[in-house]
Amino acid sequence: MMELNAATAADLDKLKGIGAVLSERIIKWRDQRGGFQSIDQLLEVYGIKPEVLEQNRKYLTIIPVEPKKINVNTCTAEELQHHCHLRWKVINAIIAYRNAHGSYEDLQDLQKCKLVTEEIFSKIAPLLEL
């Protein structure tokens with residue numbers, strides 16, 4: 001078994017369907033967010049296909065860690081993209097809403113941006129703070 005939050009790129013490279021490039025992407029994704037909360041988050045790493053995750057699921061364990069958070073009221077668009085990996089249209093909507101209405105008072109206020117769907121909100125809310 002391999003603990004996903006402690007695995008090295010060399011460890012990950014040993015998994016089926018994951019080579020050196022994907023191993024580095026997984027490490028980068030993990031480092032940017034402060035760790036994985038679930039094994040399913042591997043699907044958020046560019047290039048990881050569902051079938052690759054399913055092939056390797058039985059070899060992976062996870063000890064969830066508290067994710068690194070950024071302040072949605074003070075972050076730049078670049079920081080938001082780097083941390084949450086959102087599309088630029090969504091990021092621009094979040095920043096434009098903040099610029100037009102002032103600081104967010106509650107994370108739920110992000111959903112006032114038309115492009116922030118419930119799915120997107122549930123993905124990014126654990127990564128943000130006020």
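The values are calculated or read from the model by the stated rules, or taken from the named source; none is laboratory data. Values in this document were obtained by computation on a predicted structure and should not be read as measured data. We place every Cβ from the backbone using ideal geometry, glycine too, and count neighbours over all the protein chains shown. Protein only, heavy atoms only, side chains kept; ligands, DNA and RNA dropped before computing areas. Shrake-Rupley method; radii C 1.70, N 1.55, O 1.52, S 1.80 Å.
Take the residues in segment 14-32 that are of a type in the set (D, E, K, R) and within 15 Å of Lys49 (Cα to Cα); name whichever of them is surrounded by the fewest Cβ atoms within 10 Å (Cβ to Cβ). Among those residues, the one meeting the criterion is Lys16. Taking Leu80 as the residue in question, decide whether it is open to solvent by less than 30 Å² (accessible area, probe 1.4 Å), closer than 26 Å to Arg30 by Cβ and more than 14 Å from the chain's Cα centre (by Cα). The answer is no for Leu80.
Within the set Val65, Val52, Val45, the sole residue that is under 22 Å from Ala6 (Cβ atoms), without any contact (Cβ under 8 Å) to a residue 24 or more places away in the chain and surrounded by 13 or more Cβ atoms within 10 Å (Cβ to Cβ) turns out to be Val45.
Return yes when Ala10 is at pLDDT 90 or above, farther than 20 Å from Leu130 by Cα and of a type in the set (Gly, Ala, Ser) and no when it is not.
So Ala10 passes the test.
The set of residues from segment 1-13 being touching a Phe, Trp or Tyr at 6+ places or on another chain (Cβ under 7 Å) and open to solvent by less than 40 Å² (accessible area, probe 1.4 Å) comprises Met2, Leu4, Asn5.
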